[in-house]
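S.K.: Attaching a single structure in structure tokens format; questions to follow.
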Amino acid sequence: MIVLVNKFLLAKGFNGVSLWPFVILKNKSFKNNPVFLNHEKIHLKQQAEMILVFFYLWYGIEFVIRLLQYKNRFLAYRNISFEKEAYINELNMNYIRSRGFWSFLKYL
């Protein structure tokens with residue numbers, strides 16, 4: 001994991017994004033937030049196991065489906081299986097070690 005801080009690369013409302021192998025943060029204070037970093041590490045694991053391109057493709061398609069379902073961008077984002085997995089498990093600092101392959105499928 002390579003952590004970069006750049007407030008100009010992130011859209012309004014986002015504090016960080018994982019683009020394997022980078023985690024880009026809006027503010028350097030997030031470097032000291034273990035829960036936030038654990039959330040982003042879960043995304044890095046998801047991206048690696050899906051060979052990156054399939055992760056981004058699936059993420060985009062699922063976002064569109066959720067947007068049609070909820071008709072709200074925030075609800076669509078929060079209900080993407082990758083995000084549900086990361087948000088639900090971000091407090092568990094051992095989650096990545098015990099996480100099964102393609103565990104995001106449980107959150108579809």
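The values are calculated or read from the model by the stated rules, or taken from the named source; none is laboratory data. Every value quoted in this text rests on a predicted model; they were computed, and no experiment measured them. Ideal geometry is used to build each Cβ from the backbone, glycine not excepted, and the neighbour counts take in all protein chains shown.
S.K.: Given the condition at pLDDT below 95, touching an Asp or Glu at 6+ places or on another chain (Cβ under 8 Å) and not in a helix (DSSP H, G or I), answer yes or no: does some residue in region 1-11 qualify?
M.R.: The answer is yes; a qualifying residue exists.
S.K.: Which of the residues belonging to region 1-20 are touching a helix residue (DSSP H, G or I) at 6+ places or on another chain (Cβ under 7 Å) and surrounded by 12 or more Cβ atoms within 10 Å (Cβ to Cβ)? Step through it out loud before you land on a result.
M.R.: Narrowing region 1-20 to residues touching a helix residue (DSSP H, G or I) at 6+ places or on another chain (Cβ under 7 Å): 1, 3, 5, 15-16, 18, 20.
Scanning region 1-20 gives Val3, Val5, Asn15, Gly16, Ser18, Trp20.
S.K.: May I ask you to list the residues in region 92-101 that are exposed (fewer than 12 other Cβ atoms within 10 Å of the Cβ) and either in a loop (DSSP other than H, G, I, E, B) or at pLDDT below 95 (or both)?
M.R.: If we filter region 92-101 for residues that are exposed (fewer than 12 other Cβ atoms within 10 Å of the Cβ), which is where we start, we get 94, 97-98, 100-101.
Asn94, Gly100, Phe101 - these are the residues of region 92-101 that are exposed (fewer than 12 other Cβ atoms within 10 Å of the Cβ) and either in a loop (DSSP other than H, G, I, E, B) or at pLDDT below 95 (or both).
S.K.: Please verify whether region 1-12 includes one or more residues that are of a type in the set (Phe, Trp, Tyr) and out of contact with any His (no Cβ under 9 Å at 6 or more places or on another chain). Give the derivation first.
M.R.: Our first condition is that a residue be of a type in the set (Phe, Trp, Tyr); within region 1-12, this holds for 8.
Cutting the leftovers down to out of contact with any His (no Cβ under 9 Å at 6 or more places or on another chain) gives us 8.
Taking every residue of region 1-12 in turn, at least one turns out to be of a type in the set (Phe, Trp, Tyr) and out of contact with any His (no Cβ under 9 Å at 6 or more places or on another chain).
S.K.: Only residues that are polar (S, T, N, Q) and over 18 Å from Glu85 (Cα atoms): list them for region 16-59, please. Lay out the reasoning, then the answer.
M.R.: Residues of region 16-59 that are polar (S, T, N, Q), as a first pass: 18, 27, 29, 32-33, 38, 46-47.
Within region 16-59, Asn27, Ser29, Asn32, Asn33 qualify.
S.K.: For region 60-108, which residues satisfy the criterion of being of a type in the set (Gly, Ala, Ser) and within 22 Å of Phe14 (Cα to Cα)?
M.R.: Taking region 60-108 first, the residues of a type in the set (Gly, Ala, Ser) are 60, 76, 81, 86, 98, 100, 103.
Gly60, Ala76, Ser81, Ala86, listed by residue number.
S.K.: OK, next. Kindly evaluate Asn79 against the criterion of being surrounded by 15 or more Cβ atoms within 10 Å (Cβ to Cβ), in contact with a helix residue (DSSP H, G or I) (Cβ under 8 Å, 6 or more places away or on another chain), in contact (Cβ under 8 Å) with a residue 24 or more places away in the chain and not β-branched (Val, Ile, Thr). Working first, answer last.
M.R.: On the way: surrounded by 15 or more Cβ atoms within 10 Å (Cβ to Cβ): yes; in contact with a helix residue (DSSP H, G or I) (Cβ under 8 Å, 6 or more places away or on another chain): yes; in contact (Cβ under 8 Å) with a residue 24 or more places away in the chain: no; not β-branched (Val, Ile, Thr): yes.
Against the criterion (surrounded by 15 or more Cβ atoms within 10 Å (Cβ to Cβ), in contact with a helix residue (DSSP H, G or I) (Cβ under 8 Å, 6 or more places away or on another chain), in contact (Cβ under 8 Å) with a residue 24 or more places away in the chain and not β-branched (Val, Ile, Thr)), Asn79 does not qualify.
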